[in-house]
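First comes the structure, then the notes that go with it.
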Amino acid sequence: MSPDSPSPPQISSLFLNFDLWIRAMTPQQKANWIRRLFTLVILGGGGAAGIFFALPDGWLSKISAAGKDDSLKVTEENILEIQNTPGKLVVTNMMLDCNPDSKKLKKLLKKLQEEKYGERIVVAELDIDDHPKLAAEQGVDTKTLEEFAGHLNFHAEGRKLGDLIDETDPVIVEKTIDRMLEGMVQRIDKNWLPEVPGMQRDTGQDILKIKRSPASN
């Protein structure tokens, strides 16, 4: 109990004085006080109700959804399934705690999916802190994370198409996705991928070459 808090005897004294004050009232005075209290209750309830009914439809669900993260999380167990999603471009955002660039890309990808691409793309996230080895396998340089400035990679039908590194410009991100989706439809040749500033194309592993032994004389 703080020094300024009333002691139990003081509280008892307050209740006693209040009781004596009530007893000293005339019936008319008591009726007046009851009307005042009733009016305050009505006004307070009416104000609260006015605020409640003035709120837009779905406000409670929006507040609940604001704190909920329903992003598709990439793990060692599901990465192949996600990257092999049939008929869709899979965009994986490499997330790093307290990194503004990965958070900016998260918001941008969500906006683009909701307003433009819809079900044509799958947006996933790979948490670098939780899965550093997996992130490294997907092209993230985990030795220089202090310089991390955003990293997206792209897959279609299980094939890695490329990476967009250190680039958060909304125009470039959108242009990259547009061209990749066009390439998925047209498939002009094996080198259809777009040339976008900041993007690194994944060339895959070298094919094993077998040399023919010289013919014996």
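Taking only pairs that are 8 or more places apart or on different chains, how many Lys pairs in the range 70-116 have Cα atoms under 19 angstrom apart?
Lysine pair count for the range 70-116: 15.
Could you tally the net charge around residue 118, taking each other residue with its Cβ under 13 Å from the Cβ of residue 118, Lys/Arg +1 and Asp/Glu -1?
Cβ neighbours under 13 Å give a net charge of +2.
Quick one: what do you get for the range 123-164 if you divide its Cα Rg by 2.2 N^0.38 Å?
Dividing the Cα Rg of the range 123-164 by 2.2 N^0.38 Å gives 1.16.
Quick one: length gained pulling residue 137 to residue 38 fully straight, 0.36 nm per residue minus the C-alpha distance?
Gain in length upon complete extension: 28.7 nm.
Quick note: the coordinates plus some simple rules give every number you see, no bench work behind them. Being a predicted model, the structure only gives us computed values, none of them experimental. Here Cβ is always computed from backbone atoms with ideal geometry, including for glycine, and neighbour counts include all displayed protein chains.
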